[in-house]
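Engineer: This is the structure, below, for whatever I ask next.
The values are calculated or read from the model by the stated rules, or taken from the named source; none is laboratory data. All values derive from a computational prediction rather than experimental measurement. Cβ placement follows ideal geometry from the backbone for every residue including glycine, while neighbour counts extend to all protein chains displayed.
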Amino acid sequence: MKWKESRSSGDIKYFEGEPLKGDDMYKISDEHGEFLIRLARKAIEGYLKNGKEIEPPEDTPQELWEKMGVFVTLNRYNVPPQRALRGCIGFPMPIYPLVKATIKAAIYAAFDDPRFPPVEERELDSLVLEVSVLTPPELIEGKPRERANKIKVGRDGLIVEKGIYSGLLLPQVPVEWGWDEEEFLSQTCWKAGLPPDCWLEEATKVYRFTAEIFEEEKPRGRVKRKPLL
């Protein structure tokens with residue numbers, strides 16, 4: 001299938017390219033995870049200052065020049081997960097080097113998420129950043145009714161696609177909301193602007209992926225790997 005740039009779901013950017021199989025997890029070290037978090041914050045601060053995208057730092061580790069999918073999430077600090085979101089945008093496909101994708105996603109999440117007004121400088125000290133590095137989405141084959149048995153809450157993220165509609169939810173979302181697998185599928189359909197039971201239709205495509213997630217413990221604070229279960 002072809003992926004093209006789209007804003008239909010509010011937080012996904014699709015581009016031309018064939019989806020790859022995501023059986024093997026990318027291994028991002030804790031050190032590199034911290035690097036990406038700090039970079040995302042620098043990208044937002046730089047854009048606030050001069051309205052331009054920063055360049056990747058000269059000391060960027062070579063591993064972070066590999067092309068990978070990534071999402072950057074901004075959350076309000078000390079707010080329950082269901083009300084914390086301040087912005088989240090990313091690239092599900094590995095179309096950019098990870099270091100560049102992180103910069104772009106951070107700027108989009110802060111200033112171009114249509115669900116929220118642009119982030120202001122006064123907010124930066126009350127926001128915690130989260131970076132999710134994704135494996136390439138993998139099409140779930142088989143009968144639609146078996147899809148719930150082929151995903152796992154706490155491991156998988158989902159993309160639902162039907163016609164011009166598409167929606168994505170990261171692996172941490174169903175954990176934070178306490179959903180089971182069927183509810184996760186239904187909520188991803190809803191995110192795409194589709195009926196919640198559309199995952200049971202043959203015409204609907206469902207993709208799964210995994211992610212390594214890093215987050216600040218507090219604004220500008222220590223960075224840790226985020227466990228899902």
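Engineer: Please determine, by comparing only the residues of the range 159-193 that are more than 19 Å from GLU146 (Cβ to Cβ) and of a type in the set (A, V, I, L, M), which one is nearest to the chain's Cα centre (by Cα).
Structural biologist: That would be LEU170.
Engineer: Follow-up. Name the strands (runs of 3 or more DSSP E) wholly inside the range 99-175 in which the number of residues that are in contact with a strand residue (DSSP E or B) (Cβ under 9 Å, 6 or more places away or on another chain) and in the same structural domain as ALA43 (by TED's automatic domain parsing) is 2 or more.
Structural biologist: 127-134
Engineer: Within the range 62-71, does at least one residue satisfy the condition of being closer than 20 Å to TRP177 by Cβ, in contact with a Leu (Cβ under 8 Å, 6 or more places away or on another chain) and at pLDDT 95 or above?
Structural biologist: Yes; the residues of the range 62-71 include at least one that is closer than 20 Å to TRP177 by Cβ, in contact with a Leu (Cβ under 8 Å, 6 or more places away or on another chain) and at pLDDT 95 or above.
Engineer: Give me the strands (runs of 3 or more DSSP E) completely within the range 185-229, filtered to those with at least 2 residues that are aromatic (Phe, Trp, Tyr) and at pLDDT 95 or above, ordered by residue number.
Structural biologist: The strands (runs of 3 or more DSSP E) meeting that bar are 205-209.
Engineer: Go through the range 77-98 residue by residue and tally those that are within 13 Å of the chain's Cα centre (by Cα) and part of a loop (DSSP other than H, G, I, E, B).
Structural biologist: Going through the range 77-98 one residue at a time, the tally reaches 3.
Engineer: Select from the range 128-150 the residues that are of a type in the set (D, E, K, R) and more than 30 Å from VAL79 (Cβ to Cβ) and list them in ascending order.
Structural biologist: Matches in the range 128-150: GLU138, GLU141, LYS143, ARG145, GLU146, ARG147, LYS150.
Engineer: Kindly check whether there is at least one residue in the range 43-52 that is of a type in the set (Lys, Arg), under 30 Å from GLY178 (Cβ atoms) and at pLDDT 95 or above.
Structural biologist: Within the range 43-52, not a single residue is of a type in the set (Lys, Arg), under 30 Å from GLY178 (Cβ atoms) and at pLDDT 95 or above.
Engineer: Take ALA106 and decide whether it is among the hydrophobic types (A, V, I, L, M, F, W, C) and surrounded by fewer than 18 Cβ atoms within 10 Å (Cβ to Cβ).
Structural biologist: No.
Engineer: Identify the residue in the range 31-58 that is under 19 Å from VAL223 (Cα atoms), more than 18 Å from the chain's Cα centre (by Cα) and of a type in the set (Asp, Glu) and, among all such residues, is surrounded by the fewest Cβ atoms within 10 Å (Cβ to Cβ).
Structural biologist: Result: GLU31.
Engineer: Contact list please: Cβ distance under 8 Å, first residue in the range 68-84 and without any contact (Cβ under 8 Å) to a residue 12 or more places away in the chain, second residue polar (S, T, N, Q), pairs at least six apart or on different chains.
Structural biologist: ALA84/ASN75
Engineer: If you take the residues in the range 180-205 that are in contact (Cβ under 8 Å) with a residue 60 or more places away in the chain, of a type outside the set (Lys, Arg) and touching a Ser or Thr at 6+ places or on another chain (Cβ under 8 Å), which one is surrounded by the most Cβ atoms within 10 Å (Cβ to Cβ)?
Structural biologist: Taking the candidates together, the pick is ALA192.
Engineer: Let me ask something else about it. Across the range 98-112, what is the number of residues that are more than 11 Å from VAL72 (Cα to Cα) and in contact (Cβ under 8 Å) with a residue 40 or more places away in the chain?
Structural biologist: 4
Engineer: Could I ask something else about it? Quick check: is even one residue across the range 112-125 at pLDDT 95 or above and surrounded by 23 or more Cβ atoms within 10 Å (Cβ to Cβ)?
Structural biologist: no
Engineer: Could you tell me whether the range 145-156 includes any residue that is under 17 Å from PRO92 (Cβ atoms) and among the acidic types (Asp, Glu)?
Structural biologist: yes
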